[in-house]
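One structure below.
The values are calculated or read from the model by the stated rules, or taken from the named source; none is laboratory data. As the structure is a prediction and not an experimental result, all values here were calculated from the model. Please note: Cβ atoms are built from the backbone with ideal geometry, for glycine as well, and neighbour counts cover all protein chains shown.
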Amino acid sequence: MNQSEFIKTINPFKDRLFRLAKRLLVSTEEAEDATQEVLVRLWNNRGKLKSYNSVEALAVTITKNYCLDQLKSKRATEMRIVHSNYTDRDAGLQQQAEDRDSWNWVEKIMDELPEQQKIIVQLRDIEQYEFEEIAKMMDMNETAVRVALSRARKAIREELTKKHSYGIKSN
């Protein structure tokens, strides 16, 4: 595989790798480093890439594992999830402020989820992967992915509901 074939293979999903890394790591710089490391690993193994059914699934798996290793390292105490690409251009100023506040709460709630659920929410709800693809990437069966996603969404919904109804007494 030459350089142009490699770029043609990797280009369609390299941004997804970066967004996944950004979801799991601290900052843009950490995510860029992780993405670059994954691309280097893929380049070094470019001769074997054609033997995989999905190079994208392989790349996501490598990214996930690399990021989790980084989180386990000494630098993990300095890292936190930051994700701020959600905007609604058609909403009014007040709605934009409410949406931003809600998204900030969702990020904080996601930060408290178990790693597996956090990754599954990122892959399904943000990156829009299919359940079958996520199952391959996470080395799980589809049912387990659906259950984990359901539990994660329920936890996010319950916590967000608590935040939005703070100070409101329900009978």
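With a requirement of 2 or more residues that are modelled with pLDDT under 90, surrounded by 13 or more Cβ atoms within 10 Å (Cβ to Cβ) and within 20 Å of the chain's Cα centre (by Cα), the helices (runs of 4 or more DSSP H) lying completely within segment 1-95 that satisfy it span 14-24, 28-44, 55-72. Tallying residues that are acidic (Asp, Glu) and within 13 Å of GLU133 (Cβ to Cβ) within segment 44-70 yields 1.
Among the residues of segment 110-132, the ones that are among the aliphatic types (A, V, I, L, M) and closer than 13 Å to VAL147 by Cα come to 2 in all. Just so you know, in segment 109-160 the residues that are crowded, with 18+ Cβ neighbours inside 10 Å and of a type in the set (Val, Ile, Thr) include one that is nearest to PHE13 (Cα to Cα), and it is ILE134.
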